[in-house]
Amino acid sequence: EPEVTQTPSHQVTQMGQEVILRCVPISNHLYFYWYRQILGQKVEFLVSFYNNEISEKSEIFDDQFSVERPDGSNFTLKIRSTKLEDSAMYFCASGRSQETQYFGPGTRLLVL
Amino acid sequence: GDSVTQMEGPVTLSEEAFLTINCTYTATGYPSLFWYVQYPGEGLQLLLKATKADDKGSNKGFEATYRKETTSFHLEKGSVQVSDSAVYFCALRDAGGTSYGKLTFGQGTILTVHP
């Protein structure tokens, strides 16, 4: 059964550094999403991406964040200058339609 | 805005006990409702869903009924197993015209089942 995959599983970075989190969505899916979960808090929506552009984003998704689908398979989230409060689990999700999303295993980001 | 509230956890049960995890929601439109499960060390897996009032979602012995009158989507299972130990998330998707599928999650409920 096809799955969403994410790399790396864990990332440790210094404050102010750039990080790129990578996702490979399920191959025939058209809708792509990033969410994050700060330890002990709710899973929060960051951004949705459809037809090669951002379709919706949350207040969290400020100028420090960007997403890209550089080729037919990868979907990336870039944080330009990481802050301590960016430490969280980041989940990628994809869907063939808007109706149902399938999540990857997550990347745990720790900013020191 | 949309919101989802789950019962406070954690929940600890013995094997074969009956499970209920309460979930209520606030939404302006007619949302679709979901339960996701997160097993230790894994990502979120879709457990079940319902897209309109009175629909019942079911999977792996779990059930939840979309109750518009009480804005609820409680998760139930008649006989839990140790392997059901996980974190359960209730979520909604606003079906309004400006939504592109964004999910709003509850805070999650940790379930531990003892033999």
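We did not get these values from a lab; they are worked out from the coordinates using the rules stated. This is a predicted model, so every value here is computed, not measured. Note that each Cβ is placed from the backbone with ideal geometry, even for glycine, and that neighbours are counted across all protein chains shown.
With springs only between Cα atoms under 10 Å, which of A:32, A:75, A:61 fluctuates most in a Gaussian network model of chain A?
Between A:32, A:75, A:61, it is A:61 that shows the largest mean-square fluctuation.
Computed over the Cα atoms, what is the radius of gyration of the range A:19-112 divided by 2.2 N^0.38 Å, N being its residue count?
In units of the globular-protein estimate, the range A:19-112 measures up at 1.01.
With N residues in chain B, what two-decimal value do you get for its Cα radius of gyration over 2.2 N^0.38 Å?
After normalising by residue count via 2.2 N^0.38 Å, the value is 1.03.
Per residue of A:40-47, how many C-beta atoms from partner chains lie within 10 Å of its own C-beta, taken as a mean?
5
Using the Cα atoms as the points, what is the convex hull volume per residue of the range A:60-101 in Å³?
100
Can you report the principal axis dimensions of the protein assembly as shown using only the alpha carbons, biggest first, rounded to whole angstrom?
Projected onto the principal axes, the Cα atoms of the protein assembly as shown cover 48, 40, 33 Å.
Using only alpha carbon pairs under 8 Å that are at least six residues apart, calculate the relative contact order of chain A and give it in whole percent.
39
For the range A:64-78, list residues with backbone N below 19 Å from a point placed 7 Å from the Cα of residue A:17 toward its Cβ?
The answer is A:64-66, A:77-78.
Can you work out the PRE-style zone for residue B:18? Point 7 Å along Cα to Cβ, and I want the residues of the range B:61-94 with backbone N under 13 Å.
The answer is B:76-80.
Net charge around residue B:80, counting only other residues with Cβ within less than 9 Å of its Cβ (Lys, Arg = +1; Asp, Glu = -1)?
So the environment of residue B:80 carries a net charge of -2.
Find out how many positive minus negative residues lie around residue B:66, taking Lys and Arg as positive, Asp and Glu as negative, among other residues whose Cβ is under 10 Å from that of residue B:66.
+3
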